[in-house]
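Every read-out reported here was derived from the displayed coordinates using simple, explicitly stated rules and does not represent laboratory data. The structure displayed is predicted, hence computed values, not measured ones. Positions of Cβ are generated from backbone atoms using ideal geometry, with glycine treated the same way; all protein chains shown enter the neighbour counts.
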Amino acid sequence: MMLARATLNFFCKLPMNSLFDLACEGVRGITPYTIGKPLAQLQRELGQVKVIKLASNENPLGTSPVVAEAIATATADIARYPDGSGFDLKHALASKHAVDIGQITLGNGSNEILELVSRAFLTPDFEVVFSQHSFAVYPLVTQAVGATAQVATATDYCHDLAAMADKITSKTRLIFIANPNNPTGTHLAPAQLQDFVASLPRTVICIIDEAYYEFVAPSKRVDTVRWLDKFPNLLITRTFSKAYGLAGLRVGYGLSSKVIADLLNRVRQPFNNNSLALTAAMAALADSQHLAKTISCNQQGMQQLTAGLANLGLDTIPSNANFVAVNMRQEGEAIYHALLQKGVIVRPVASYQMPNYLRVSIGTASENSFFLTALGEVLQQNV
Ligand SMILES: *Cc1c(COP(=O)(O)O)cnc(C)c1O
């Protein structure tokens, strides 16, 4: 009893920074992810003026109209736990991708799949390879479990597969490849990527993150899911957040060998996808017309934006996704703040080692022209 009280006193007197020191080493070293500034926040700050957000690569058309109906019906059941096996959605996805149900892992956004794979395979003894200028979540999930990141230098803002191969050692457990990449929009040729995956030791799990797959021109892409039969160490991730317009509901998934899917399913929460999200994803998947409309809106918007930016004398990195990285030839952060004052939210990418760039999501035609006008004014002001 005396001892217990003494122990209690010890903890009560622990200074705050020692409390911080109690956390796992990897967690203490994390630089938190910065989200795109929420629309409502800027609206609160600026008052009653028009505000647009082109900062998080969301679908500017919103989600399919059939999704709202499906969700309305599904609200009748929200007192019940969701189907933790995601049976219906997995069936729909298995049929879409021609894979076995056992090869699918559902996630709370594809972000969760990235986290699950790190939890399932990494310890502080292992290393993870990814590219410079690539998705910010890869260093986060690596660091959170105390593993070590090996960052390969990019070439012309694109993944350099040879540089990535050079980073592989006997300690490498995971490799993350975003294709197309965020925030650059660059895309690796399928043949090159397949050779790379084939060259990997089978003890290295290769994650191909295809969050923007739907936006790649059909002539440039292949169905990487067909590679799964050849490569048991491959994990492909997809999401409903971007082309399907369901970012707010958080649904993504992994496609892999059954062994990997089984392991990922062991570490996930039993009910990681809520029931409205499961229903919404089913409905969104079935509406191919809305997807086609989204892709065509993106193509037109990409042309509109890149032409408008060229008119302002600005270069962009050729993009295969629903956003474009713009070279401002000065610190992007200053332009970002000046754009906020004009009601436009874009994304500064200094934390991706691209201090002179801004990442701009493709919006509707009117959002794109609103942005171009605001940017033209900002550049005139010489910020
Ligand atoms: C947006 C994005 C994701 C994940 O988004 P979720 O909403 O979690 O599905 C994954 N990878 C990349 C490269 C992204 O840009």
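See the values below:
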{"item": "Spin-label model distance (nm) - Ala79 vs Ala162, 7 Å beyond Cα toward Cβ", "result": "6.5 nm"}
{"item": "Of Ala189, Ala281, Pro318, farthest towards positive along the dipole that unit charges on Lys, Arg, Asp, Glu beta carbons give the chain", "result": "Ala281"}
{"item": "Phe176, Phe370, Phe130 arranged by Cβ crowding within 10 Å, fewest neighbours leading", "result": "Phe370, Phe130, Phe176"}
{"item": "Cα→Cβ-extended label distance, 7 Å offset, between Ile30 and Ser170, nm", "result": "3.2 nm"}
{"item": "Estimated FRET transfer efficiency (Ser199, Gln48; beta-carbon r; R0 45 Å; 0.05)", "result": "0.20"}
{"item": "Mean Cβ count within 10 Å, highest first, over the residues of peptides 52-59, 249-256", "result": "249-256, 52-59"}
{"item": "Distant-in-sequence amide H partners of Gln150 (H built 1.01 Å from N, under 5 Å)", "result": "Val128, Val129, Phe130"}
{"item": "Dimensions in Å of the chain - Rg and Dmax from alpha carbons", "result": "22.2, 77"}
{"item": "Listed peptides 322-330, 268-276, 40-48 by packing density, highest first (mean Cβ within 10 Å)", "result": "322-330, 268-276, 40-48"}
{"item": "When each of Lys90/Lys242; Lys53/Lys242; Lys171/Lys230; Lys53/Lys96; Lys258/Lys293 is checked by Cα-Cα distance, pairs over 26 Å", "result": "Lys53/Lys96; Lys258/Lys293"}
{"item": "Cross-link partners of Lys220 among lysines (Cα-Cα below 16 Å; sequence separation of 8 or more within a chain)", "result": "none"}
{"item": "Computed FRET value (nearest 0.05) for Ser351 with Phe20, which takes r as the C-beta separation and R₀ as 30 Å", "result": "0.85"}
{"item": "Label-point separation in nm, Ala310 to Gln41, each point 7 Å along Cα→Cβ", "result": "3.5 nm"}
{"item": "Helix-derived mean residue ellipticity, 222 nm - over the chain, DSSP H n ≥ 4, -39500 (n - 2.57), to 500", "result": "-12500 deg cm²/dmol"}
{"item": "Cα centre as origin, Lys/Arg/Asp/Glu Cβ charges: the chain dipole, Debye", "result": "480 debye"}
{"item": "Förster radius 41 Å - calculated FRET efficiency between Gln192 and Ala94 (Cβ-Cβ, nearest 0.05)", "result": "0.90"}
